[in-house]
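Below is one structure, written out as structure tokens; the observations come after it.
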Amino acid sequence: MNETNQNMAIALLLGVIFIYIVLASQFESFVHPLTIMLTLPLALVGGVVGLFLTNNTMAMGALIGIVLLMGLVTKNAILLIDRAIVHVRDHGMTPFAAIVTAGPERLRPILMTSAAMVLGMLPTAVSHGEGSEFRAPMAIAVIGGVVSSTLLSLIVVPVFYLAIENFKHWLPKTAAKVRAFLPGGRGRPSVASNEAASSAE
């Protein structure tokens, strides 16, 4: 059992790493994939709560469902963030206006794809046939994770996106102010300039 849990932990870690690599290559950014991958812990919460409410344990089937969630739930944030980036890049919108516009535009695709996943897994989750003790926890984990990530990502992901964009604009300004007060900066004269002024006098 310990060996199985270790192998599943490694599989989960590799899944997260590969998701980040793919997102970073597609978005050509190291920051926006982090915003999208914020949905992973949101999905994990829903999967665990779903298993708890249905009185299921974290058996092998449930663990496989958790690993499946890592690839499924990022699609909500991808739809939202990609639309916001397009608005900023092509239409010159501010990040706030872009994410506010992208939300209503992508709400229907997000809800449709999430509903399709939930309804597709529902027969497996409620099945009582042979082998259901393995498949049902997997489906329940997927359903719980998809529901929680869909509801929470519509709130958390835009907030985190705006926080990242504000930080990206705040960091260069802060760095410029810090450089201005360092020796040789514009904020105060450097030692070399003081010596040159003294020699001129």
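Points worth noting:
- Restricting V86, V31 to those that are of a type outside the set (D, E) and within 24 Å of L111 (Cα to Cα) reduces the list to V86.
- The listed residue being modelled with pLDDT of 75 or more, more than 23 Å from A77 (Cβ to Cβ) and open to solvent by 60 Å² or more (accessible area, probe 1.4 Å), out of F167, F96, F134: F134
- Those residues of segment 99-117 which are among the hydrophobic types (A, V, I, L, M, F, W, C), surrounded by 17 or more Cβ atoms within 10 Å (Cβ to Cβ) and more than 25 Å from A163 (Cα to Cα), in sequence order: M117
The values are calculated or read from the model by the stated rules, or taken from the named source; none is laboratory data. Fair warning: this is a prediction, and the values are worked out from it, not measured in the lab. Methodologically, a virtual Cβ is constructed for each residue, glycine included, from the backbone with ideal geometry; neighbour enumeration extends over all protein chains shown. Surface accessibility is based on the protein's heavy atoms, side chains included, excluding ligands, DNA and RNA. Shrake-Rupley method; radii C 1.70, N 1.55, O 1.52, S 1.80 Å.
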